[in-house]
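Inspection log for the structure reproduced underneath, given as structure tokens.
The values are calculated or read from the model by the stated rules, or taken from the named source; none is laboratory data. Since we're looking at a predicted model, the values are computed, not measured. Note that each Cβ is placed from the backbone with ideal geometry, even for glycine, and that neighbours are counted across all protein chains shown. Side chains are part of the model used for accessible areas, which takes the heavy atoms of the whole protein and leaves out ligands, DNA and RNA. Shrake-Rupley method; radii C 1.70, N 1.55, O 1.52, S 1.80 Å.
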Amino acid sequence: MQVDVILGLQWGDEGKGKIVDYLADKYDIIARFQGGPNAGHTLVIDGKKHVLHTIPSGIFREGKLNFIGNGVVIDPVTLLKEIDTLEKIGVPVKERLIISKRANLILPTHKILDAASENNKGTSKIGSTLKGIGPTYMDKTGRNGLRAGDMHEKDFMVKYELLKGKHLQLLQIYNFSFELEQVEEEWFEAIEKLKEYAQEESVYFINNALQKGKKILAEGAQGSMLDIDFGTYPFVTSSNTISAAVCTGLGISPKHIGEVIGISKAYCTRVGGGPFPTELEGELGEKLRKEGAEFGATTGRPRRCGWIDLPALHYACMINGVTKIVITKADVLNAFDEFGVCTHYHYDGKQSQELPYDMVNKNIKPVNISFKSWGNIETDQPLPAELKEYVEYLEKYLNIRVSMVSNGPGREQLIDLEAGKILA
Ligand code: GDP
Ligand code: IMO
Ligand code: MG
């Protein structure tokens, strides 16, 4: 059986959670393969909003397994809070959640290091979510990390103290004050409680599932433009966010990858620092933020807003091997009579559809064309003509089918263009 992938094509927050939650019903296992609690995936079910950070967005679906893969970094405290919140509303998390023993743990000192490092960056801050992501992946690749499975081992405390000791030494470089005792206490309490949740030697778990014909949906976090190798470096996250990371983040062979479903907003947002060629800084940007309720699901920070960036989208589709596109937040553009679409960049005295390797030091100007907006989108009606025209333009530019258009945050606010009928 195959693994289908849902991932973000922009700078994150494309609406991945909503689409995963919707499609989860067709799968047996929903698996996160990278990132950690820097993610904030919003689901609106029966009018109620839920935000997930580490737990896959299939958790509300009965009879489905939700798997936190080896490529994910786990903060035990955040994960436990998520579990508590879900259990309080009756979601049987114990029955539905499986954690890879290979997933690396975020220690309290990783978070402190993240904050100290950002603080030290002065005006060139990444705008990290300060969840400890960068320092944890550094320890993973530096071969110093603690993994989820280690919590059951006798030498866990020895390993913990060793790593903490290294961190405390590192922290001496920074002039940064911090408090450790209480957060450490919380962390160990969370570790004890997490021991009650299923952990697996995940490589066999996932490959046996595939052999048994189980259908797996891999849920990306962040977005392609935040990828550590292919994003707007150094204003990126610390993991590979693209489809290739599904293999390394779950332990499966590339031959199992099936559909790669790329999610893009009908416009574009970014939270944190870094290049954003199509950003609208004035009134238009404000209006997009207001109409799209563009505030971070993890940090509450206002998101930077701009028109859709087709050179970046084309690049993201290319590196991911995207087979289908889902356009979200089409309803938000109703607030505008006309909106912009960036078809080219202008830099180094010429127009180009290609992204330069360093987007930070290039003065990139977007070349925009204009489209007319469409008014209300009814889920039980054909697409308005103007929206159809926009969708067809995107398909032609990217040479990929748009399979769905999302017209609201709710689970059922989705138009399935492939089936030629309405989803609900
Ligand atoms: P994710 O990180 O990719 O899962 O996305 P986030 O949850 O961080 O941000 C997407 C936001 O847009 C959330 O508040 C969603 O509820 C909301 N949303 C998703 N799809 C739509 C849509 O089609 N229209 C509108 N208006 N909101 C949407
Ligand atoms: P989801 O999965 C949007 C951004 C941060 C910052 C940069 C590095 O909800 O789409 P990090 O905490 O990883 O060190 O931050 O990446 N970032 C996200 N932006 N959505 C996310 O996740 C993000 N995760 C990280 O704002 O600019
Ligand atoms: Mg998000």
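Answer with one residue from 315, 339, 305: the one whose Cα lies farthest towards the positive end of the charge dipole of segment 304-366, charges on Cβ with Lys, Arg +1 and Asp, Glu -1.
315
Compute the long axis of helix 202-211 from its Cα atoms, compare it with the longest principal axis of the Cα atoms of the chain, and write down the angle in degrees, 0 to 90, nearest 10.
Between helix and principal axis, roughly 50 degrees.
Quick one: which residues, 5 or more positions from residue 74 or on another chain, have an amide H under 5 Å from its amide H? H modelled 1.01 Å from N in the peptide plane, none for Pro or chain starts.
Counting only residues 5 or more places away or on other chains, the set is 104, 105, 106.
Give me the accessible area of residue 404, 1.4 Å probe, in Å² rounded to the nearest 10.
Here the accessible area works out near 10 Å².
Quick one: grab the alpha carbon gyration tensor of segment 66-126, order the square roots of its eigenvalues as a ≥ b ≥ c, and give me rounded if a/c is under 1.5, else prolate or oblate depending on whether a/b is larger than b/c.
Note, shape of segment 66-126 comes out prolate.
Probe radius 1.4 Å, ligands and nucleic acids left out: which of 143, 61 has the largest accessible area, and how do the rest follow?
143, 61
Restricting to DSSP H runs of at least four residues, report the calculated mean residue ellipticity at 222 nm for the chain, -39500 (n - 2.57) per run over all residues, nearest 500 deg cm²/dmol.
Calculated at 222 nm, the ellipticity per residue is -9000 deg cm²/dmol.
Counting only protein chains, not ligands or nucleic acids, how are 78, 54 ordered by accessible area (probe 1.4 Å), most first? All intermediate terms of the calculation are to be shown ahead of the outcome.
Values: 78 30, 54 0 Å².
From most exposed to least exposed: 78, 54.
Compute a Gaussian network model of the chain, connecting alpha carbons closer than 10 Å, and tell me which residue from 308, 106, 173 fluctuates the most.
173
Express in nm, to one decimal, how much length is gained between residue 159 and residue 419 on full extension, taking 0.36 nm for each residue of separation and deducting their alpha carbon distance.
Gain in length upon complete extension: 88.3 nm.
Please name which of 246, 371, 263 has its Cα lying farthest along the dipole of segment 229-378 towards the positive end, using unit charges on Cβ (Lys, Arg +1; Asp, Glu -1) and the Cα centre as origin.
The listed residue farthest towards the positive side: 246.
Calculate how steeply helix 76-88 sits against the longest principal axis of the alpha-carbon atoms of the chain, using the helix alpha-carbon long axis, and give the answer as 0 to 90 degrees to the nearest 10.
Long axis of 76-88 versus the principal axis of the chain: about 70 degrees.
Can you tell me how segment 243-334 classifies by the Cα gyration tensor, rounded, prolate or oblate, using a/c under 1.5 as the rounded cut?
Prolate, since a/c reaches 1.5 and a/b exceeds b/c.
Tell me, what is the 1.4 Å probe accessible area of residue 153, in Å² to the nearest 10?
Rounded to the nearest 10, that gives 100 Å².
In whole angstrom, how long is each semi-axis of the equivalent ellipsoid of segment 281-424, when you take the square root of 5 times every eigenvalue of its Cα gyration tensor and sort them from largest down? Kindly include the intermediate steps, with their values, before the conclusion.
On the way: eigenvalues 138, 74, 46 Å².
Ellipsoid semi-axes (Å, largest first): 26, 19, 15.
Compare the Cα positions of 3, 119, 403 along the charge dipole of the chain (+1 at Cβ of Lys, Arg; -1 at Cβ of Asp, Glu; about the Cα centre) and return the one farthest towards the positive end.
My answer, from the dipole projection, is 3.
Just how large is the dipole of segment 154-301 about the Cα centre, in debye to the nearest 20, putting +1 at every Lys and Arg Cβ and -1 at every Asp and Glu Cβ?
Computed charge dipole of segment 154-301: roughly 620 debye.
With label points built 7 Å along Cα→Cβ from the Cα atoms of residue 172 and residue 46, find their separation and express it in nm.
That separation, rounded to one decimal, is 5.7 nm.
How much accessible surface area, in Å² rounded to 10, belongs to the heavy atoms of residue 201 with a 1.4 Å probe?
About 70 Å², rounded to the nearest 10.
Counting Lys and Arg as +1 and Asp and Glu as -1, each charge on the Cβ, what is the dipole of segment 1-132 about the Cα centre in debye, to the nearest 20?
On the way: 18 positive and 15 negative charges, 45 e Å.
The dipole of segment 1-132 has a size of about 220 debye.
Keeping all protein chains in place and using 1.4 angstrom, which order do 139, 348 fall into by accessible surface area, from largest down? It would help to have the intermediate numbers written out before the result.
Details: 139 20, 348 100 Å².
Correct descending sequence by accessible area is 348, 139.
Too long at a 25 Å Cα-Cα cut-off: which of 49/101; 101/131; 26/329?
49/101
About its Cα centre, what dipole magnitude does the chain give when the only charges are +1 on Lys and Arg Cβ and -1 on Asp and Glu Cβ, stated in debye to the nearest 20?
For the chain, the charge dipole is close to 580 debye.
Using the Kirkwood formula over every pair of different C-alpha atoms, what hydrodynamic radius in Å results for segment 186-230?
After inverting the mean inverse Cα-Cα distance, the result is 14.0 Å.
Rounded to whole Å and sorted largest first, what semi-axes of the equivalent ellipsoid does the C-alpha gyration tensor of segment 72-225 yield via the square root of 5 times each eigenvalue? Intermediate values should be presented prior to the final figure.
Numbers: eigenvalues 169, 69, 54 Å².
In descending order, the three semi-axes are 29, 19, 16 Å.
Only loop residues by DSSP count here, and only those with at most 16 other Cβ atoms within 10 Å; note down the trypsin sites (Lys or Arg not before Pro) in segment 260-320 that meet that.
Taking segment 260-320 and a limit of 16 other Cβ atoms within 10 Å, no loop trypsin sites (Lys or Arg not before Pro) are found.
Nearest 10 degrees, 0 to 90: what angle lies between the long axis of helix 108-120 and the longest principal axis of the chain (Cα atoms)?
Between helix and principal axis, roughly 50 degrees.
Quick check: at a probe of 1.4 Å, how many percent of the accessible area of the chain sits on carbon and sulfur atoms?
Accessible surface attributable to carbon and sulfur in the chain totals 49 percent.
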